[in-house]
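Quick notes on the structure that follows.
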Amino acid sequence: MQDIRWKAFWLLLSLTAFCLLIWLVYDTETALAFFGLGTLIYLIGHIYWLHKLYKWLQKPILNHIPNGTGIWEDVFAMLYQEHRKHSRSQSQLSTALERFRHATSALPDAVVVLNTQNEIEWFNDPAEKQLGLNKQHDESQPINYLVRNGDFLSYLQSDDYSSPIKLKSWRNPDVTLEIQLIPFGTKQKLLICRDVSALEKTEVMRRDFIANVSHELRTPLTVIGGFLETLSDMAGEVSETAKPYFNMMQEQTGRMRRIIEDLLTLSQIESNSKNTEDVEIDMTNMLKLVQNDAKGLSQGQHKIHLEADPTLNLNGAQNELQSAFSNLVSNAIRYTPKGGEIFITWGMQDGHPVFSVRDTGIGIEQHHIDRLTERFYRVDSSRSRETGGTGLGLSIVKHILNRHQANLHIQSEVSVGSTFSIVFPKSRILHKQVALFA
Ligand code: ADP
């Protein structure tokens with residue numbers, strides 16, 4: 001650019017110097033005539049090359065770029081270089097894109113690129129088979145017109161794509177699909193769909209196996225427990241020395257029964273995850289029941305406070321949620337020494353309905369917290385056993401919460417206490433009218 005300016009400046013300077021020379025040798029009129037003629041030729045030259053540039057821009061083919069003269073030679077040379085650079089990066093980009101398309105087509109998973117309006121921009125071959133899309137007709141069509149599945153549509157409309165959804169294929173009910181949306185760029189989305197039928201089958205087999213084993217064990221255990229109880233109650237049948245062993249046997253059968261009951265509850269929640277009907281839960285009433293149960297369990301050893309927003313109700317599965325709330329409250333009691341306090345609260349926090357239980361108990365070390373909802377995970381197994389725990393309580397709570405799209409937050413400090421909070425989605429809020437005058 002600097003060069004071009006200098007070239008133009010020198011050209012004009014040379015013309016002026018030449019005219020000055022004419023003026024010195026001849027007269028003013030001749031010098032002015034030469035100056036005017038020179039400027040006119042200069043202008044005509046510019047207009048000519050501008051016209052050439054305009055013509056070329058209408059059809060910018062790299063090899064047809066004009067050569068130019070003077071400063072226009074530099075302008076066209078720069079244009080040529082820029083255009084070449086641009087075409088090179090464009091061809092590199094299309095090669096990369098082509099390679100990406102080949103790679104994604106080789107994937108067994110369906111991949112669909114959606115634009116900001118959720119219209120299909122591109123999809124690979126497996127998407128035709130798994131989602132029933134057609135290369136001829138479906139590009140540029142909104143995905144919600146083509147994938148008519150209620151769960152998928154609510155997933156698409158929600159803004160939370162942190163985890164995938166599983167659904168039965170609308171084309172073949174024997175096929176289970178796992179769909180994940182991944183936002184990228186400026187509100188574009190990548191849809192990845194995977195056939196998880198084989199995995200799902202194994203999962204169902206595992207669930208059925210646990211449910212069957214638990215069910216089969218329940219009856220013999222009930223019989224053994226019953227006989228042990230009868231024998232211990234029969235005066236003179238059990239000697240004084242054998243009595244402690246009898247008590248231990250009774251304790252252990254009781255524990256096994258509780259584990260089996262919890263395993264059955266877990267598999268019931270897992271297999272019924274869609275079938276339980278959601279109703280409006282009167283939270284004030286339910287929490288009073290939970291508080292009363294807690295008082296029974298504590299037997300006056302703890303102070304149990306309840307603070308609930310009377311206008312806030314919840315849409316959910318009544319029995320499941322009552323069991324989840326009771327589980328957290330009973331843990332708070334079991335892991336809080338005598339004389340401690342338990343605070344049960346229900347209300348809005350940061351725009352979400354939140355149920356929380358705070359205790360002044362033994363607390364939990366930080367590194368255990370992420371693993372507490374795993375089956376049979378206990379911080380201290382002997383303490384859990386002592387208090388009648390099975391190690392399954394929090395994993396039942398987690399399953400119930402998953403069904404309600406809710407999250408469990410745990411904060412704890414050793415020897416200070418713990419707070420377990422359930423954060424529900426806003427969509428589950430139901431407002432209750434409270435009568436001001438009775
Ligand atoms: P458990 O039947 O053993 O109580 P859970 O699944 O209910 O099983 O809880 C898992 C573990 O989390 C417990 O063994 C206990 O160590 C810890 N835990 C749960 N709630 C509390 C609490 N309020 N205070 C301290 N520790 C807790």
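Some observations on this one:
- Residues Asp278, Asp359, Asp350, sorted so that the one with the fewest Cβ neighbours within 10 Å comes first: Asp350, Asp278, Asp359
- In a fully extended conformation the segment linking Ser197 and Leu32 would gain 50.2 nm over its present Cα-Cα distance, using 0.36 nm per residue.
- Helix 71-106 axis, angle to the chain major axis (alpha carbon atoms, nearest 10°): 30 degrees
- In a DSSP loop and with at most 14 other Cβ atoms within 10 Å, the chymotrypsin sites (Phe, Trp or Tyr not before Pro) in the range 366-429 are Phe376.
- Rg and Dmax of the range 2-97, based on Cα coordinates, read 19.5, 70 Å.
- Panel order for Asp233, Asp125, by other beta carbons found within 10 Å of each beta carbon, from fewest to most: Asp233, Asp125.
- FRET efficiency, Lys426 to Ala242 (Cβ-Cβ, R0 56 Å, nearest 0.05): 0.40
- Lysines whose Cα lies under 26 Å from that of Lys426, excluding same-chain neighbours fewer than 8 positions away: Lys166, Lys187, Lys189, Lys274, Lys288, Lys398
- Sorted by Cβ neighbour density within 10 Å, fewest at the top, the residues Lys52, Lys189: Lys52, Lys189
- Between the residues Thr265, Phe343, Asn124, the greatest Cα displacement towards the positive end of the dipole of the chain, with unit charges on the Cβ of Lys, Arg, Asp and Glu, is found for Asn124.
- Backbone N within the range 1-27 under 20 Å of label point (7 Å from Gln81 Cα along the Cβ vector): 1-9
- Taken along the Cα-to-beta-carbon direction at a fixed 7 Å, the label points for Glu307 and Asn67 span 8.9 nm.
- Taking a straight Cα-Cα cut-off under 19 Å and skipping sequence neighbours fewer than 8 places away in the same chain, the aspartates and glutamates within cross-link reach of Lys338 are Asp293, Asp359, Asp380, Glu386, Glu413.
- Binning the C-alpha pair distances of the chain at 10 Å intervals from 0 yields a P(r) profile of 4, 13, 16, 16, 13, 9, 7, 7, 6, 4, 3, 2, 1, 0, 0, 0 %, listed from the shortest bin outward.
- Placed amide H near Leu306: partners under 5 Å, 5+ positions off or other chain: Ile344
- Degrees, to the nearest 10: 2-25 long Cα axis against longest axis of the chain: 20 degrees
- In this entry, the range 120-186 is assigned a mean projected area of 4.9 nm², taken as a quarter of its C-alpha convex hull surface.
- Available extension along the chain between Gln141 and Phe227 is 24.0 nm, counting 0.36 nm per residue and deducting the alpha carbon span.
- Angle between the chain longest axis and helix 197-233 axis [Cα atoms, degrees, rounded to 10]: 20 degrees
- For the range 374-438, size of Cβ-based charge dipole, Lys and Arg +1, Asp and Glu -1, in debye: 320 debye
- In a fully extended conformation the segment linking Gln349 and Thr116 would gain 80.7 nm over its present Cα-Cα distance, using 0.36 nm per residue.
- Of the residues Leu97, Ser384, Ile143, the one whose Cα sits farthest towards the positive end of the charge dipole of the chain is Leu97 (charges of +1 on Lys and Arg Cβ, -1 on Asp and Glu Cβ, taken about the Cα centre).
- Residue range of the chain that is longest and free of GluC sites (Glu not before Pro) which are both DSSP loop and sparsely packed (at most 10 other C-beta within 10 Å): 1-239
- Using Cβ point charges alone (K and R +1, D and E -1), the dipole size of the range 2-97 about the Cα centre works out to roughly 620 debye.
- Along the axis of the charge dipole computed for the range 2-97 (Cβ charges of +1 for Lys and Arg, -1 for Asp and Glu, origin at the Cα centre), the listed residues Ile61, Gly45, Cys19 are led at the positive end by Ile61.
- Check: the chain dipole with +1 on Lys, Arg Cβ and -1 on Asp, Glu Cβ, in debye: 640 debye
- Label-to-label distance, Arg171 versus His215, with points set 7 angstrom from Cα along the beta-carbon direction: 3.5 nm.
- Long-range HN-HN contacts of Val196 with modeled amide H, under 5 Å: Thr176, Leu177, Glu178
Since every read-out is calculated from the coordinates, none of them should be taken as a lab result. Remember, predicted model here, so these are calculated numbers, not experimental data. Backbone-built Cβ (ideal geometry, glycine too); neighbour counts: all protein chains shown.
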